[in-house]
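First up is the structure itself, then whatever we jot down about it.
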Amino acid sequence: NIAELEAEFERKIANDEKIEPKDWMPEKYRKTHIRQISQHAHSEIVGMLPEGNWITRAPSLRRKVALLAKVQDEAGHGLYLYSACETLGISREELYDQLHSGEAKYSSIFNYPTVTWADMGAIGWLVDGAAIINQVPLTATSYGPYARAMVRVCKEESFHQRQGFEIMLTLCNGTPEQKAMAQDALNRWWWPSMMMLGPTDAESVHTEQSMKWKLKRKTNDELRQQFVDQTVPQADLLGLTIPDPDLKWNEDRKSYDYGDMDWEEFWQVVKGHGPCNKVRMDARRNAWDKGKWVRDAAMAYAEKQDKLETA
Ligand code: 3HC
């Protein structure tokens, strides 16, 4: 009966055992996982667009190859996560419809423009840096398929972060103009990266329940603090200044204090009014419509193969 099923579910969560697709789970647990995993997958797919803009403009073949590999990885992360999400009883088609209709959320960070090559460095260093901090705890999340998808994703993310930091280091060791380009990119990507980790814990509607269900293992502010403490020394190494006048080391907390974020800007971007929301959605819908013939051809080929095998 339900009481026994709930007790078994709670026992598994308490024991850090994984909840698997065939296990009984509260409907709200299922729904919040579809919500978070689908938005995570959409973020990976939309996240290909800002960087895709620079694959043809990369300054060298080596940079082009590394960026191409990174963008391909993001596509793969999206597909792992869509597959993990389908185990919760939603179809791939529905997920795509939710993104293309504008109904689904994806990370705010991908609605900002990439205006110079240094943005490729700042994104790898800061955005993938924040993503790793956000995703490592998710390798211990209670839902089995999500946790397992995160193990592979995190391995590839560390390459993304390193290639971004290396771009920034090269620019900072270059001409004064190159260093100024790196500082300009840091100025534009710092605060959006901080806000990528979500609203403050006080404002977060899901954190309390997500922590109880061990979907979340760290709160938004804990992740943000970790991001600041990890990134400030890296900015020092680059000789760059983080655009936060309130940033200062707090000896008592052994962490950095930092300034307030512009949450008005954050919610505007989340609601679809960011600098690039429209161009990102148009690009996604356009790719979906223009790619229909590829999907149809692949299905026709697969059906032909099936017929040959069963003949
Ligand atoms: N962008 C857009 N929406 C956001 C957001 C952001 N940066 N941060 C929070 N929100 C939304 C939430 O989705 C929620 O809305 P919903 O109820 O419609 O889903 C609302 O704001 C309230 O926020 P909460 O803090 O209560 O929401 P969560 O508990 O879901 O926490 C999160 C937000 C920390 C982003 C969490 O969803 C999470 O850890 N997601 C998995 C990681 C992820 O999706 N990262 C996105 C970037 S992917 C990436 O970086 C790939 C790399 O390769 C670059």
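Bear in mind that the values in this text are calculations on the coordinates, not laboratory data. If you're wondering where the values come from, they're calculated on a predicted model, not measured in any experiment. Counting neighbours? That spans all protein chains shown, and the Cβs are built from the backbone with ideal geometry, glycine included.
Quick notes
- Highest-first packing order for the peptide set 50-60, 183-193 is 183-193, 50-60, based on the mean count of other beta carbon atoms within 10 Å.
- Positive minus negative residues near Ile123 (Lys, Arg vs Asp, Glu; Cβ under 10 Å): -2
- Placed amide H near Ile19: partners under 5 Å, 5+ positions off or other chain: Tyr143, Gly144
- Of Lys18/Lys216; Lys12/Lys214; Lys218/Lys271; Lys31/Lys292, pairs whose Cα-Cα distance is over 18 Å: Lys218/Lys271; Lys31/Lys292
- Neighbourhood net charge (11 Å Cβ-Cβ; Lys/Arg +1, Asp/Glu -1) for Gln72: -3
- Environment charge of Lys105, counting only residues whose C-beta is closer than 11 Å and scoring Lys/Arg +1, Asp/Glu -1: +1
- Packing-based exposure ordering (other Cβ within 10 Å, fewest first) of Ile45, Ile2: Ile2, Ile45
- Mean ellipticity per residue at 222 nm, deg cm²/dmol - from DSSP H runs of n ≥ 4 across the chain, formula -39500 (n - 2.57): -20500 deg cm²/dmol
- Cβ crowding within 10 Å ranks Val228, Val153, Val294 as Val294, Val228, Val153, fewest other Cβ atoms first.
- Assigned charges on the beta-carbon of Lys, Arg, Asp, Glu; the chain dipole about Cα centre (debye): 900
- Karplus-derived 3J(HN,Hα), 6.51/-1.76/1.60, for each residue of the stretch 168-181, Hz, glycine and proline x: 5, 5, 4, 5, 5, 8, x, 6, x, 5, 5, 5, 5, 5
- Relative contact order, whole percent, for the chain stands at 18, derived from Cα pairs under 8 Å and 6 or more residues apart.
- Whether the chain is rounded, prolate or oblate, judged on the alpha carbon gyration tensor where a/c under 1.5 counts as rounded: oblate
- Amide H within-cut-off set for Tyr256, under 5 Å, with H built and near neighbours excluded: Asp229, Asn250
- Considering only Asp252, Asp229, Asp73, the Gaussian network model of the chain with Cα springs below 10 Å gives its largest mean-square fluctuation to Asp252.
- Protection proxy ranking of 79-88, 231-240, by the mean of other Cβ atoms within 10 Å over each peptide's residues and highest first, is 79-88, 231-240.
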